[in-house]
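Step one of this worksheet: look at the structure below.
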Amino acid sequence: MELLWYIPNQVRAGHRGDDDTSPGHNSLDALTEHARLLEDHGWDGALLGTGWGRPDTFTVATALAARTSTFRPLVAIRPGYWRPAHFASSAATLQHLTGGRLLVNIVSGKDDLAAYGDAEGDQTHRYARTREFMQLVRRLWTEEDVTYAGEHFSVTGSTVLPRIDTPPRLYFGGASAAAERVAAAEADVQLFWGEPLDGVAERIARLRSLTEELGREHAPLEFGLRITTFVRDTTEQAWADAEAKVAEMAAGRADFFADRHRGTAVGQQRLLDLAARGDVLDDNLYTAPGRYGGGGAGTTWLVGSAQDVAKSLRRYADLGITHFVLSDTPYLREIERQGRELLPLLR
């Protein structure tokens, strides 16, 4: 079981209601404090998100890796922002310098494409390009003198240096039919957002079937879950605090991240639609936050004591989830609390 956290790589302070609103919240020292706390409290590493208007994710990950010893950055990157040969070279270098600690999250969802010179907004073409990107970077990491001529990318006689024995693992998200075909064929880990158990079980079964249909050539596809874990000392206190936080969101008093593409991505819409089934699904999956903010991966929360949340996460593990990306705010406090109270119940 891999247990990762989330580091808020943001220019604007107060991400998802975090309490660090200081001018130095995104300084190297501040972000290093997150990474070192994660090391000290038993976490394997953390996701660093991407998006135009945020500090460059790969640069931040490189700086944090240089200041830590076991921390594994899960670096989100976008085809279109990166060319595959450029990315393969940068990733191979960081993988070499860190002794194999790099993880990569390939993101195909829409962003401010025009701002960084990308024009590929059509979903079908975007995912076809992503599949080519993943195919090509894998070849560049494992082969020499690569020549490739695809619809979207091409290289001639390309050898990436330094050579690496273990390529970074490729994580991938997306819930559309086009995204699932890319994941089934090319990803190492398919990341799900916080859906109920029945929805995750359905998607795992479909993806496993797709891997056979598409003649997957890699090791078996693995599965991960990105979700907010809202942990307090008791079940009652957790629900009281969660409901109070949602009330602040509803009143507009909490500065929660608002996804500009809220409701347009298939995965995001699946989470927003959950509210029609009820505010609480399964034992403790809280859907109400999605009505007021906190979009994207943090739309739904697992709420409860450490024992409650661990029980729910183990139920996902029973379905086949082996990679977890968890978070809650305030980030620093929750790294410690959940590292101390939740992780020992999962290890």
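Tabulated data for the structure shown
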| quantity | calculated |
| --- | --- |
| Highest average packing first - 195-202, 106-113, Cβ atoms within 10 Å | 106-113, 195-202 |
| Charge-dipole axis of the chain as Lys and Arg at +1 and Asp and Glu at -1 on Cβ define it, positive-most pick from Ala175, Tyr148, Gly24 | Tyr148 |
| In sequence order, calculated HN-Hα J values of the range 166-177 (Karplus, 6.51, -1.76, 1.60; Hz; x Gly/Pro) | 10, x, x, 7, 9, 8, 8, x, x, 10, 6, 4 |
| Backbone HN-Hα couplings from phi across the range 25-34 [Karplus 6.51/-1.76/1.60, Hz, Gly and Pro as x] | 4, 10, 6, 4, 5, 5, 5, 5, 4, 4 |
| Cα-centre dipole for the chain with unit charges at Cβ (Lys and Arg positive, Asp and Glu negative), debye to 20 | 340 |
| Where only C-alpha atoms are counted, convex hull volume of the chain per residue in Å³ | 127 |
| Backbone HN-Hα couplings from phi across the range 16-21 [Karplus 6.51/-1.76/1.60, Hz, Gly and Pro as x] | 6, x, 4, 8, 8, 10 |
| Max mean-square fluctuation residue, GNM over the chain, Cα-Cα springs under 10 Å, options Leu38, Leu332, Leu214 | Leu214 |
| Residue-averaged [θ]222 nm for the chain, counting only DSSP H segments that reach four residues, each worth -39500 (n - 2.57) | -12500 deg cm²/dmol |
| Ranked packing of 153-159, 83-89, 21-27, most packed first, by mean Cβ within 10 Å | 83-89, 153-159, 21-27 |
| Three-way shape label, the range 100-202, alpha-carbon gyration tensor, a/c 1.5 | oblate |
| Anisotropy class of the range 280-347 from Cα gyration tensor, a/c 1.5 cut | oblate |
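Each reported figure results from applying straightforward, stated rules to the coordinates on display, with no laboratory input. Just so it is clear, the model here is predicted, and its values are computed rather than measured. Positions of Cβ are generated from backbone atoms using ideal geometry, with glycine treated the same way; all protein chains shown enter the neighbour counts.
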